[in-house]
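Enquirer: I'd like to ask some things about the structure below.
The values are calculated or read from the model by the stated rules, or taken from the named source; none is laboratory data. Note that this is a predicted model, so its numbers are computed, not measured. For neighbour counting, all protein chains shown are included, and Cβ atoms are generated from backbone atoms with ideal geometry for every residue, glycine included. These area figures cover heavy atoms from the full protein model, side chains too; ligands, DNA and RNA do not enter into them. Shrake-Rupley method; radii C 1.70, N 1.55, O 1.52, S 1.80 Å.
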Amino acid sequence: MKVLAITGGVGGAKLAMGLSQVLSPEEVVFAVNTGDDFEHLGLHISPDIDSLTYALADQNNTELGWGRQGETWQFIETLEALGGESWFRLGDKDLALHIQRTELLKAGANLTEATTRISQKLGVQHRILPMSNDPVRTIVHSDQGPLAFQHYFVRERCQPAVSGFEFAGINSARLNPEIDAWLDQCQGVIICPSNPYVSVDPLLALPNFRARLENLPVVAVSPIVGGLAIKGPAAKMMAELNIPATASAVAAHYAGLLSGFVMDNTDKNEAKQIKIQTITTQTIMVTLADRVSLAKDTLGFLQDL
Ligand code: FO1
């Protein structure tokens, strides 16, 4: 079965990793949020592409949850000592990746080409496709005013209360033509357990993207388990937006788009509230076996729809 998997940061990358173990590069392609991207210290940083690249290369830093394995921090510590901007921790190895991406972009490559070049060098065979080659920047509206996403997420540690989101540049951004072409041949779509508001919505907001999904079965895996986000600020954001932090609210958020929904066994009692076909399984992924198992369950469900 040929599948498009939509993914954002760390949570989504775990299922993506599982999918990459059960589907070949001819069977699954990853469409990645770039709303988190920003220009920092003269470099183009693409955090969600980085998380997926490191996960598929088996190089992710499991202690931090982001960045590269076996990292050292001489660059950022030296920059800090010199009075430079150091709130966004760029590890020494990670820094090399951002420099290489920035150089490739400066030499005329688009973000897809730069991503492919770098991921292949790290031994990744699956295609990692940025949602668009055009810049889209998520702005978080908050009680501290509008904040660029990384300023909200890393610098302010998700503390400001959110009131809404804006995806600057979205109206003139074109869906990555390679994602568009893949949609012509794939048979289903999986929305990985990423934050619905800031990881998945930027893709869904791209002109024509939602319409392209209309004739395909789409399954989403809930990032909310037992009222908590497995990773990141999704549950906190929902509370601040006056939305119950529940798996069924996630299903409702994607209303009209989904053919099926996957949630954790913990949330079984919510199944009645969900109008579309739903399965419950273990969605918390600690080990590689957990990632593979959820990938298999989700694919089996998608195939049966
Ligand atoms: N997340 C942090 O919480 N602190 C950091 O200093 C940090 C640095 C960083 C550097 C490169 C990169 O690709 C990601 C980095 N992240 C960091 C993670 C990242 O910004 C977020 O996890 C995502 O944007 C949310 O999906």
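Enquirer: Among the candidates 217, 233, which residue alone is open to solvent by 10 Å² or more (accessible area, probe 1.4 Å), under 24 Å from residue 280 (Cα atoms) and touching a Gly at 6+ places or on another chain (Cβ under 9 Å)?
Expert: After ruling out the rest, the residue left standing is 217.
Enquirer: Taking region 150-195, which residues are among the hydroxyl-bearing types (Ser, Thr, Tyr) and within 21 Å of residue 20 (Cα to Cα)?
Expert: Correct list: 194 only.
Enquirer: Within the group 116, 78, which residue is open to solvent by 20 Å² or more (accessible area, probe 1.4 Å), among the β-branched types (Val, Ile, Thr) and more than 25 Å from residue 180 (Cβ to Cβ)?
Expert: 78 is the lone residue from the list that is open to solvent by 20 Å² or more (accessible area, probe 1.4 Å), among the β-branched types (Val, Ile, Thr) and more than 25 Å from residue 180 (Cβ to Cβ).
Enquirer: Among the residues of region 170-180, is any acidic (Asp, Glu) and surrounded by fewer than 17 Cβ atoms within 10 Å (Cβ to Cβ)?
Expert: Looking for residues that are acidic (Asp, Glu) and surrounded by fewer than 17 Cβ atoms within 10 Å (Cβ to Cβ), one finds at least one in region 170-180, hence yes.
Enquirer: Hey, among the residues in region 150-172 that are in contact with a Leu (Cβ under 7 Å, 6 or more places away or on another chain) and not in a strand (DSSP E or B), which one's farthest from the ligand (Cβ to nearest atom)?
Expert: 170
Enquirer: Residue 113 fails exactly one of the following numbered conditions: (1) in contact with a Lys or Arg (Cβ under 8 Å, 6 or more places away or on another chain); (2) assigned to a helix (DSSP H, G or I). What is the number of that condition?
Expert: The single condition residue 113 does not satisfy is (1).
Enquirer: Quick one: is residue 31 touching a residue at least 24 places away in the same chain (Cβ under 8 Å), in contact with a Leu (Cβ under 8 Å, 6 or more places away or on another chain) and part of a helix (DSSP H, G or I)?
Expert: So residue 31 fails the test.
Enquirer: Taking the options 291, 210, name whichever one is among the basic types (Lys, Arg), touching a helix residue (DSSP H, G or I) at 6+ places or on another chain (Cβ under 7 Å), in contact (Cβ under 8 Å) with a residue 12 or more places away in the chain and open to solvent by 40 Å² or more (accessible area, probe 1.4 Å).
Expert: 210
Enquirer: So which residues in region 249-266 are open to solvent by less than 40 Å² (accessible area, probe 1.4 Å) and either modelled with pLDDT under 95 or among the β-branched types (Val, Ile, Thr) (or both)?
Expert: 250, 262, listed by residue number.
Enquirer: Is it the case that residue 104 is in a helix (DSSP H, G or I), surrounded by fewer than 20 Cβ atoms within 10 Å (Cβ to Cβ) and modelled with pLDDT of 95 or more?
Expert: yes
Enquirer: Among the residues in region 37-51, are any surrounded by fewer than 19 Cβ atoms within 10 Å (Cβ to Cβ), at pLDDT 95 or above, of a type in the set (Asp, Glu) and assigned to a helix (DSSP H, G or I)?
Expert: So far as region 37-51 goes, no, none of its residues is surrounded by fewer than 19 Cβ atoms within 10 Å (Cβ to Cβ), at pLDDT 95 or above, of a type in the set (Asp, Glu) and assigned to a helix (DSSP H, G or I).
Enquirer: Select, from 22, 3, the only residue that is in contact with a strand residue (DSSP E or B) (Cβ under 6 Å, 6 or more places away or on another chain) and more than 10 Å from the ligand (Cβ to nearest atom).
Expert: Selected residue: 3, the only one of 22, 3 that is in contact with a strand residue (DSSP E or B) (Cβ under 6 Å, 6 or more places away or on another chain) and more than 10 Å from the ligand (Cβ to nearest atom).
Enquirer: For region 125-149, give me the residue count where each residue is open to solvent by less than 10 Å² (accessible area, probe 1.4 Å) and assigned to a loop (DSSP other than H, G, I, E, B).
Expert: Here the count works out to 2.
Enquirer: Has region 75-84 got any residue that is more than 10 Å from the ligand (Cβ to nearest atom) and of a type in the set (Phe, Trp, Tyr)?
Expert: Yes, that holds for at least one residue.
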